[in-house]
Amino acid sequence: MATIGAVVGGAVRPLRAQKAGERSPASIIFLVALWATLLFAMAALAALLFTSFADGLGRLDSNLFTQYASQLFPERGGARAAILGSLWVIGTTAVLAIPLGVAAAVYLEEFADPRRWYNRFIEVNLQNLAAVPAIIYGMLTAGMALAIGLRRGVLLAGGIALALLILPVIIISAREALRAVPAEIRQGSLALGASPLRTVWHQTLPASIPGVATGTILALSRALGEAAPLLLLGGLVFVTYDPDGLMSGFTTMPIQIYGWAGQPQIEFRTLASATIIVLLGMLLVMNAVAIVIRNRYQKRW
């Protein structure tokens, strides 16, 4: 009995010490500071959203979607070139990043040998690249464009920069989706005589599509709101034409908002607020699509 009591007492003492640590003054101060920081950030975000909606709701008219930016008559100008430019850039980014990202995820998760040094090197760098600031990708793309003779201020260069930016996110999310597929599905397919490649193509990859699609859409949502790498590449602030190809000059909604917000006239700031509302609407739609895909098509294994 004495031995049992000693064991129970030894197990209870660490729990008491843990509870005492959670109630220590340092823990309480840290918790209060954490909540205060979170509330401050939420209050600042709410204030920005309220200001944008209050200033921009009255400017959500047909001119915003059909007219180009105007330096002389901002009250009649619009964001047509920026909206179309954002769609072009995001489309180019998706075409460049999604196939490469999914293929890399399939290789790393299904075929790569983790004992090889180069596979471990890729693993480590993927985690690091996901946290690299966006402007670094703009600098990398600018250097690559100079090396291959590509003009920096064209739509293709912007698509390459944003594709590089979201590629690590797509690879990581796709790997997690592939990892969630039960091993029994792979084993059953292989036991029936299918090759590893056919197993991935017909079994593993289709079963992981909801997770892959969700991660990809969220990554594209991030790319939609980026301005720093595109400004570094020479994205135009004042555009009065529609982009007509990959070698066309372009602007995007974040770049246009940045340009209008720096103007002294109140009409430009009102136009920037209206464009912010449009951009937020597009981001909410993309996130809603990702949630619908995840909830409707994700399987419970």
Order the peptides 26-39, 213-226, 58-71, 183-196 from the highest to the lowest mean number of other Cβ atoms within 10 Å of their residues.
213-226, 58-71, 183-196, 26-39
With a sphere of radius 13 Å drawn around the Cβ of Y107, what net charge do the other residues whose Cβ falls strictly inside it have (Lys, Arg +1; Asp, Glu -1)?
-2
Nearest-ten-degree value, helix 134-148 long axis tilted from longest Cα axis of the chain
70 degrees
Quick check: from the Cα gyration tensor, does segment 220-294 come out rounded (a/c under 1.5), prolate or oblate?
oblate
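May I ask you to give the solvent-accessible area per residue for the chain, in square angstrom, as obtained with a 1.4 angstrom probe?
With the other protein chains kept in place, the chain gives 58 Å² per residue.
Report, in debye and to the nearest 20, how large the dipole of segment 60-197 comes out about its Cα centre when Lys and Arg carry +1 and Asp and Glu carry -1 on their Cβ.
320 debye
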Here, GluC sites (Glu not before Pro) of segment 60-129 satisfying both criteria (DSSP loop; at most 14 other Cβ within 10 Å) are none
Reported label for calculated percent of Cα pairs over 25 Å apart given (1) 47; (2) 63; (3) 53
(2)
To the nearest 10 degrees, how steep is helix 155-179 against the longest Cα principal axis of the chain, on a 0 to 90 scale?
20 degrees
Segment 162-179 and segment 38-58: distance between their alpha carbon centers, rounded to Å:
31 Å
Helix 266-297: angle to the longest alpha-carbon principal axis of the chain, degrees 0 to 90, nearest 10?
40 degrees
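The values are calculated or read from the model by the stated rules, or taken from the named source; none is laboratory data. As the structure is a prediction and not an experimental result, all values here were calculated from the model. Methodologically, a virtual Cβ is constructed for each residue, glycine included, from the backbone with ideal geometry; neighbour enumeration extends over all protein chains shown. To get the accessible areas, we keep the full protein, side chains included, count just its heavy atoms, and leave off ligands, DNA and RNA. Shrake-Rupley method; radii C 1.70, N 1.55, O 1.52, S 1.80 Å.
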